[in-house]
1. In whole percent, and with a 1.4 Å probe on the protein chains, what portion of the accessible area of the stretch 49-118 is carbon and sulfur?
2. Which trypsin sites (Lys or Arg not before Pro) in the stretch 155-239 pass both tests, a DSSP loop state and at most 13 other beta-carbon atoms within 10 Å?
3. Give K198/K252; K214/K286; K33/K214; K131/K198; K65/K214 a once-over and call out the pairs whose C-alpha atoms are over 27 Å from each other.
4. Stretched out fully, how many nm does the piece from L16 to F165 gain, at 0.36 nm a residue minus the Cα gap?
5. Measuring with a 1.4 Å probe in the full set of protein chains, what accessible area per residue, in whole Å², belongs to the stretch 36-115?
6. Nearest 0.05, what FRET efficiency do R124 and L275 give at R0 = 25 Å with Cβ-Cβ as r?
7. Suppose the chain between N186 and L291 were pulled fully straight at 0.36 nm per residue; how much longer would it get relative to their current alpha carbon spacing?
Amino acid sequence: MSGIRREGSGALRGHLAILAANIIFGINIPVSKLAMPEYVSAFAMAFFRTFGALLFFWTVSLFVKRERVPLRDMGALSLAAVFGVLLNQMLYVAGLQYASPVETAIVVTFTPILTMVLSAFFLREPITWMKAAGVALGLSGAVLMIGGKYWFGEGVTEAGRNSVFGIALCLVSGLSYAIYLTAFRNVVARYRPVTVMKWMFLASAVLSGPFLWKSVSGIDYAAVPAKVYFYLGFTVLGATCFAYLLIPVAQKNLRPTVLSVYNYLQPITASCLALILGQDSFGWIKGLSTLLVFAGVFFVTRSKSRVELEMEARDKKPLVMHWPRIGGR
């Protein structure tokens with residue numbers, strides 16, 4: 001049975017949705033770097049993304065069938081917003097301000113490993129030896145990338161002079177996203193994508209607005225070049241509104257582990273675009289780190305799920321013969 005059929009009738013839609021979302025996220029890594037931090041700070045970028053998406057999703061919700069969300073689920077969606085939007089976005093854009101685009105892209109591939117580990121906690125997925133090996137490989141890749149430039153003297157560019165801090169922020173951002181994919185999968189699957197996103201971004205805007213407003217109030221908008229507004233438009237409309245609209249579609253049809261493995265498309269997309277734009281170089285340390293993280297992702301995603309292991313155990317269960325009794329009770 002193919003992977004798509006095993007996931008359900010809507011799996012093809014889910015695969016296409018998460019594929020498109022991760023390609024957009026990958027493109028956004030170097031595109032955002034063109035606007036930050038010279039013209040827009042990390043927190044200003046987070047403000048534009050949050051409030052731009054808030055306006056977009058509430059406008060779209062006026063043209064679709066309204067869904068009633070109980071108070072209990074409203075609280076769950078608000079908490080999902082903290083992990084899936086607030087912490088994920090703010091820490092990510094802050095990390096991108098310090099780390100280089102390629103370093104940021106490589107760290108993103110660590111998210112599938114975090115998701116698999118959290119799936120064991122939230123979804124009772126077993127941690128097999130293959131999963132453990134994948135975690136170890138991915139962790140070694142992340143450690144090598146963080147310390148490699150200092151251990152082996154690989155050059156530190158101006159854009160990445162504080163990259164260790166930036167990489168750490170991106171790792172925590174990835175952890176936050178992994179928690180969102182696993183812990184809130186059931187509540188997200190109950191509602192339409194527009195319903196989920198409009199309430200999540202409302203909660204995110206309420207929580208972050210007072211802290212982010214100062215970062216946008218001091219921008220000299222007249223001095224910002226027209227091309228930077230184009231970059232901001234892509235980040236807000238493409239990498240936030242459209243991409244975040246696709247994620248619930250995928251969550252409804254695919255398991256968190258399948259969703260997270262698509263993250264490996266982000267470094268491929270971002271690295272190619274960053275190298276074309278001349279934003280970064282790709283040394284042997286980044287190359288080896290990438291291979292280690294990809295190897296970890298491969299091992300983790302090739303491991304068997306709880307359902308598959310239970311099916312195998314059932315198939316291997318010996319057949320017990322019950323012989324008929326002869327006479328008496």
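1. Looking at the stretch 49-118 in its full context, I get 70 percent from C and S.
2. Within the stretch 155-239, the qualifying trypsin sites (Lys or Arg not before Pro) (loop, at most 13 other Cβ atoms within 10 Å) are R161.
3. The answer is K214/K286; K131/K198; K65/K214.
4. The span from L16 to F165 would gain 50.3 nm if fully extended.
5. Averaged over the residues of the stretch 36-115, the accessible area is 41 Å².
6. In this case the efficiency is close to 0.05.
7. 34.5 nm
The values are calculated or read from the model by the stated rules, or taken from the named source; none is laboratory data. Small disclaimer: the values here were computed from a predicted structure and weren't measured. Don't worry about glycine lacking a Cβ; one is built from the backbone with ideal geometry, like all the others, and counts go over all protein chains shown. What goes into the accessible areas is simple: the full protein's heavy atoms, side chains included, and nothing from ligands, DNA or RNA. Shrake-Rupley method; radii C 1.70, N 1.55, O 1.52, S 1.80 Å.
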